[in-house]
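Have a look at the structure below before the remarks.
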Amino acid sequence: MVLKDALQFQIFTMIDFAFENSKLDSDYEKKYTKQIFVNKSTNKSPFDLIINDIQQLSDEGWELTEQRVNQIDFGSVIFNNREIEGVIIEMILAKKNRLIGKFSKYCKRIHVMKDEDFDMWRNNQISECNDASFSQEW
């Protein structure tokens, strides 16, 4: 649960940031690089794909009605001949669009390892929620 909770905090922060900020904003890069979900070494986020999707949804008039994170699996994984913790979660967004009168769901699976020795998240991979084969291989 500790990994899920730490990851959930980053994900909810990322979702809020994506809905509230457009890449067209003049100070977007400055705000983006200060976020907790952005790697300070590379100034990139493993969630960039999701951020792009959410910003597009926001531009299209979608609103969030619910956001949740479900833990799918967890356990030990091998990274560089070391055993570290790994977790698979689903990020689910319920949304509505008043303009077109429609409800919809957005769901992504996030696969990630937490390397406590080096205090960093590793091998973050994103897949579709309905792609269970990807999670089994990971």
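The values are calculated or read from the model by the stated rules, or taken from the named source; none is laboratory data. Not measured: the values here are computed from a predicted model. We place every Cβ from the backbone using ideal geometry, glycine too, and count neighbours over all the protein chains shown.
Here are a few things to note about the model shown:
- Identity of the residue in the range 1-16, assigned to a helix (DSSP H, G or I) and either more than 12 Å from Met91 (Cβ to Cβ) or hydroxyl-bearing (Ser, Thr, Tyr) (or both), that ends up modelled with the lowest pLDDT: Val2
- Per this entry, Leu64 is counted among residues that are among the hydrophobic types (A, V, I, L, M, F, W, C), part of a strand (DSSP E or B) and out of contact with any Pro (no Cβ under 6 Å at 6 or more places or on another chain).
- Filter pass, Ile92 being among the hydrophobic types (A, V, I, L, M, F, W, C), crowded, with 17+ Cβ neighbours inside 10 Å and in contact (Cβ under 8 Å) with a residue 24 or more places away in the chain: no
- The set of residues in the range 45-60 that are surrounded by fewer than 12 Cβ atoms within 10 Å (Cβ to Cβ) and more than 13 Å from the chain's Cα centre (by Cα) comprises Gln56, Asp59, Glu60.
- Scoring Lys30 on the criteria (1) part of a helix (DSSP H, G or I); (2) surrounded by 12 or more Cβ atoms within 10 Å (Cβ to Cβ) leaves a single failure, condition (2).
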